[in-house]
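Data block below; observations after.
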Amino acid sequence: MTTTAPAREPAVRKDPPGAARGPRRRPGRLRRVTLPYLLLLPALILELLVHLVPMVIGVVMSFKELTQFYIRDWGTAPWSGLDNYKVSVDFDAPVGEALLHSFLVTVVFTLLSVALCWLIGTAAALCMQDTFRGRGLLRALFLVPYALPVYAAVITWVFMFQHDNGLVNHVLHDQLHLTEGRSFWLIGDNSFFALLTVSVWKGWPFAFLIVMAGLQNIPKELYEAAALDGAGMWQRVRRITLPSLRPVNQVLVLVLFLWTFNDFNTPFVLFGRGAPRAADLISVHIYEASFVTWNFGTGSAMSVLLLLFLLVVTGVYLALTSRERTGRRARTGPRRTEERADV
Amino acid sequence: MRRTRVAAAAAVTVSLLTAVTACGGGSSTSGGSDDSPKTLTYWASNQGASIQVDKKVLQPELDKFEKQTGIKVKLEVVPWSDLLNRILTATTSGQGPDVLNIGNTWSASLQATGALLPWDAKNLAKIGGKDRFVDSALGSTGAEGKDPAAVPLYSMSYALYYNKQIFADAGISQPPATWEELVADGKKIKAKGKNPLGAEGANLSENIHHVFVFAKQHGADFFTADGKPDFTNDKAVAAVKQYVDLMAKDKAIPAGNAEYAQNQSVSDFAKGKTAMLLWQSAAANLKSQGMAEDAYGVAPVPVQSGTPGTGTQVNSMVAGINMAVFKNTHNLDGATSFVKFMTSDAEQKVLNKAYSSIPPVKAAQSDPAFNSGATAVLKQTLATSAAALPQVADESQFETTVGTAVKELFADAAGGRSVTTASVKAKLDKAQQQMPKK
């Protein structure tokens, strides 16, 4: 655009000012305006096909009584209005109560998992910031959990968490004598911690990777200047590293949140059908509600509610973090001089 | 230049749009056809120790069928964990196999979807008629009063497998015939440092099979006569409690079994860690795990008192595999003749011997292989003291909800929490509330 514009300018100027000018240019402008959209169209249609159409179908399904009697030709399933939603949010009845419980478990689990993933990932990335012998090897090693196929990794954890001859009980009970008896990890209340462990183990390398990449973009001079001013390690992390990583963290935390909240593979491989109540994550819960009890309408209604919740969370999060960022940018100038004076 | 670009974009758009509408075509609701008479797709369930074993067993038979009819059968052995989901997906999309195996307890549920070809008198006549099959097996082929949704292929029943050596060491001369005896024997076995009884506490289907039998022995049913769930009646609660108490109170089932769902209890038994196991047709499985056939004995599953029979003396569900034809098949005639082939006397003998199951075909049962040792016990149970699981459309949901309730009760027992009549009733009540409302 910028290269063609100046070349065209003189040609226009030569034209005598008159009625012919407008109409002659219009087809070209029309083409220029429409062509980008035309070129976008295939991508748009694919996007519609892959994302939006199934979503719309899901929403439609949530208003139908789609049970085993109708799945063969689900166009014939009767409309049920808001019944599926009513069942889902009737928290006094078992179905709604179970959904609410599963939702709360998922929220607590996700917050803990994201916090731990971020903390461990950032700490590891900071430790790996300076070059030392074997850094490359360690970095590669840290990324292994992220690179392993989920199923293989989680099934290994299932073996380790077994009650009778699992590695975890062997270490905790037989060797360290930390627990009174062998604990159950795959059933009962401990299953929450088993799930959290696997989730963090699987998720932190991603945080590590992203933070590591973010760290490369912080100018060395900032640290050098800070060092000259006598800033210690902790001050450098707090005043330079973390503020510089803010945009990276903003995306990282959001992505980790959405992935963890929606994670299906980890709980499903870990617990199979009928997850323990303490670790009944919402994605598996909805799967059970639709696939196992063959009531796809209620399952869809639950999915739509989940989608709405995640939309709200994402929207609020983005609004808050971007407002905070613009606010901070406005304040940066004066604050920096203040800091100088402090040091 | 630009015009061609616009034209190209338009062409891509149009072709994509046609793709969209083609996708929208979806399922047809019409019946089967004979569009491709020379091929068949067959989804077999996993009957042997592994999928490889199944392929080895089935492929030669499929080759035989191809030689006889010229129809090539494409075999896929589907693991149990996937089979029901695969069938549901096939039902929804209309794209599925021509012939498939189903767990016989799913018959009524799948029948309700309308995805399977009904075996009316005309279709049954093509495979030799209803009378060729054993009654108990036919009782698990669909809801009462409707044409069967499938025909029986393999039959199985539960039996008590016991380790002869452990029994001898504990001074037990014969296998327990009642639950009371089993619990008493369990104490002797525990004194010798072995676990009395194995169970799959986290396997929903296994849980259902056992509590169903206990319910029968208590004179209870989980469904009313008109097919409504009735999980919380006192007898059903007592039945579930008796099963879970084998771990919670009697300590016959070790706490660790509460998390078993991948047949670990069979491995434990094969390795001589547990003395007893309630299982269906375990012979082939035990053999593949290296347990010699003379190391264990097979006895009928215990009852409350007396000897196994009908009514409250039932000691097994009618377990088994049915064979169904997918309604949307492209080779209806071929599919029917394949079912005829697989249920023929000769094939029934070959297949059921390979899987240590019982042929549901009367004529094949006379083979001496099915009348000796362990198989004779299974056959006797099937013939005299086995009952079919409720043939209602909500059977799958029943398995999930009540199976999960029992799993949670086992988890409570394993975690040292008390299992009381009230706690059992509360769990069953929650299960019942989650059943579909009609």
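The values are calculated or read from the model by the stated rules, or taken from the named source; none is laboratory data. Please read all numbers here as calculations on a predicted model, not as lab measurements. For neighbour counting, all protein chains shown are included, and Cβ atoms are generated from backbone atoms with ideal geometry for every residue, glycine included.
May I ask you to verify whether B:SER356 is of a type outside the set (Asp, Glu), modelled with pLDDT of 90 or more and assigned to a loop (DSSP other than H, G, I, E, B)?
When the stated conditions are applied, B:SER356 does not pass them.
For the stretch A:87-97, does any single residue satisfy the condition of being more than 14 Å from chain B (Cβ to nearest Cβ) and among the small types (Gly, Ala, Ser)?
Checked against the condition, which is being more than 14 Å from chain B (Cβ to nearest Cβ) and among the small types (Gly, Ala, Ser), the stretch A:87-97 yields no hits at all.
If you go through the stretch B:380-397 one residue at a time, do you hit one that is closer than 18 Å to B:ALA284 by Cα and surrounded by 18 or more Cβ atoms within 10 Å (Cβ to Cβ)? Break it down into steps so the answer makes sense when it comes.
Narrowing the stretch B:380-397 to residues closer than 18 Å to B:ALA284 by Cα: none.
Scanning the stretch B:380-397 turns up no residue that is closer than 18 Å to B:ALA284 by Cα and surrounded by 18 or more Cβ atoms within 10 Å (Cβ to Cβ).
Give me the helices (runs of 4 or more DSSP H) completely within the stretch A:121-170, filtered to those with at least 3 residues that are under 30 Å from B:GLY201 (Cβ atoms), ordered by residue number.
A:150-160
Looking at (1) of a type in the set (D, E, K, R); (2) closer than 15 Å to B:VAL211 by Cα; (3) within 8 Å of another protein chain (Cβ to nearest Cβ), can you tell me which one B:LYS430 breaks?
Result: B:LYS430 fails condition (2) only.
Under the condition of being closer than 16 Å to A:LEU112 by Cβ and part of a helix (DSSP H, G or I), which residue from the stretch A:271-297 is nearest to the other protein chains (Cβ to nearest Cβ)?
If we take residues in the stretch A:271-297 being closer than 16 Å to A:LEU112 by Cβ and part of a helix (DSSP H, G or I), then A:ALA278 is nearest to the other protein chains (Cβ to nearest Cβ).
Mind checking which helices (runs of 4 or more DSSP H) fall wholly inside the stretch B:359-438 and carry at least 1 residues that are under 22 Å from B:PRO300 (Cβ atoms), in contact with a strand residue (DSSP E or B) (Cβ under 6 Å, 6 or more places away or on another chain) and in contact (Cβ under 8 Å) with a residue 24 or more places away in the chain?
B:373-384
Consider the stretch A:86-126. How many of its residues are within 25 Å of the chain's Cα centre (by Cα) and surrounded by fewer than 13 Cβ atoms within 10 Å (Cβ to Cβ)?
Summing the residues that are within 25 Å of the chain's Cα centre (by Cα) and surrounded by fewer than 13 Cβ atoms within 10 Å (Cβ to Cβ) in the stretch A:86-126 gives 2.
Return yes when B:GLY96 is over 22 Å from B:LEU351 (Cα atoms) and touching a Phe, Trp or Tyr at 6+ places or on another chain (Cβ under 7 Å) and no when it is not.
yes
Inspect all residues belonging to the stretch A:195-217 and state whether any of them is within 12 Å of chain B (Cβ to nearest Cβ) and either farther than 30 Å from B:TRP80 by Cβ or free of Cβ contacts under 8 Å to residues at least 40 places away in the same chain (or both).
Looking through the stretch A:195-217, none of the residues is within 12 Å of chain B (Cβ to nearest Cβ) and either farther than 30 Å from B:TRP80 by Cβ or free of Cβ contacts under 8 Å to residues at least 40 places away in the same chain (or both).
Pairs only if they're at least six apart or on different chains, beta carbon under 7 angstrom, first in the stretch A:37-53 and more than 21 Å from A:LEU307 (Cα to Cα), second of a type outside the set (A, V, I, L, M); list them, first residue then second.
A:LEU41/B:THR13; A:PRO42/B:THR13; A:ILE45/B:THR13
Kindly indicate whether B:ALA295 is surrounded by fewer than 18 Cβ atoms within 10 Å (Cβ to Cβ), in contact with a Lys or Arg (Cβ under 8 Å, 6 or more places away or on another chain), outside the structural domain of B:LYS353 (by TED's automatic domain parsing) and aliphatic (A, V, I, L, M). Please lay out each step first, then the result.
Values: surrounded by fewer than 18 Cβ atoms within 10 Å (Cβ to Cβ): yes; in contact with a Lys or Arg (Cβ under 8 Å, 6 or more places away or on another chain): yes; outside the structural domain of B:LYS353 (by TED's automatic domain parsing): yes; aliphatic (A, V, I, L, M): yes.
Yes, satisfied.
Counting residues that are out of contact with any Leu (no Cβ under 8 Å at 6 or more places or on another chain), more than 14 Å from every other protein chain (Cβ to nearest Cβ) and modelled with pLDDT under 95, which helices (runs of 4 or more DSSP H) fully inside the stretch B:223-318 reach at least 3?
Helices (runs of 4 or more DSSP H) meeting the threshold: B:283-288.
Hey, does the stretch B:345-354 have a residue that's in contact (Cβ under 8 Å) with a residue 40 or more places away in the chain, outside the structural domain of B:TRP279 (by TED's automatic domain parsing) and under 24 Å from B:VAL211 (Cα atoms)?
no
From the residues in the stretch B:88-117 that are buried (at least 16 other Cβ atoms within 10 Å of the Cβ) and free of Cβ contacts under 8 Å to residues at least 40 places away in the same chain, which one is nearest to the chain's Cα centre (by Cα)? Full working, then the answer.
We begin by selecting, within the stretch B:88-117, every residue buried (at least 16 other Cβ atoms within 10 Å of the Cβ); these are B:88, B:90-92, B:94, B:96-117.
Add one more test, that the residue is free of Cβ contacts under 8 Å to residues at least 40 places away in the same chain, and what stays is B:88, B:91, B:113.
Numbers: B:LEU88: 17, B:THR91: 20, B:THR113: 19 Å.
The selected residue is B:LEU88.
For every residue, the table says whether it meets (1) of a type in the set (D, E, K, R); (2) more than 11 Å from every other protein chain (Cβ to nearest Cβ); (3) under 14 Å from B:ASN331 (Cβ atoms).
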| residue | (1), (2), (3) |
| --- | --- |
| B:ASP63 | yes, yes, no |
| B:LYS67 | yes, yes, no |
| B:VAL73 | no, yes, yes |
| B:VAL77 | no, yes, no |
| B:SER81 | no, no, no |
| B:ALA90 | no, no, no |
| B:PRO97 | no, yes, yes |
| B:ILE102 | no, yes, no |
| B:TRP106 | no, no, no |
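A:ARG139: surrounded by fewer than 19 Cβ atoms within 10 Å (Cβ to Cβ), under 22 Å from A:LEU252 (Cβ atoms) and more than 25 Å from the chain's Cα centre (by Cα), yes or no?
When the stated conditions are applied, A:ARG139 does not pass them.
So if I check each of B:VAL377, B:VAL402, which one is within 14 Å of another protein chain (Cβ to nearest Cβ) and out of contact with any Lys or Arg (no Cβ under 6 Å at 6 or more places or on another chain)?
Numbers: B:VAL377 fails: within 14 Å of another protein chain (Cβ to nearest Cβ).
None of the others qualify; the one that does is B:VAL402.
Results for (1) within 22 Å of B:LEU88 (Cα to Cα); (2) more than 22 Å from the chain's Cα centre (by Cα), shown as yes or no for each residue.
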site: B:GLN313; (1), (2): no, no
site: B:SER316; (1), (2): no, no
site: B:ALA319; (1), (2): yes, no
site: B:ASN322; (1), (2): yes, no
site: B:PHE326; (1), (2): yes, no
site: B:THR329; (1), (2): yes, yes
site: B:GLY334; (1), (2): no, yes
site: B:THR343; (1), (2): no, no
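So, in the stretch A:142-154, how many residues would count as being closer than 23 Å to A:PHE271 by Cα, touching a residue at least 60 places away in the same chain (Cβ under 8 Å) and surrounded by 13 or more Cβ atoms within 10 Å (Cβ to Cβ)?
Of the residues in that region, 4 qualify.
Given the residues B:SER136, B:SER157, B:SER107, B:SER140, which is the only one that is closer than 27 Å to B:GLY48 by Cβ and in contact with a Lys or Arg (Cβ under 9 Å, 6 or more places away or on another chain)?
Only one candidate passes the filter, namely B:SER157.
When you look at B:LYS327, is it more than 14 Å from chain A (Cβ to nearest Cβ) and of a type in the set (D, E, K, R), yes or no?
no
Quick check, is A:GLY327 within 14 Å of chain B (Cβ to nearest Cβ) and either modelled with pLDDT of 65 or more or over 30 Å from B:THR113 (Cα atoms) (or both)?
No, not satisfied.
Condition check: closer than 18 Å to A:LEU104 by Cβ and in a helix (DSSP H, G or I). Does A:LEU306 satisfy that?
Answer is yes for this residue.
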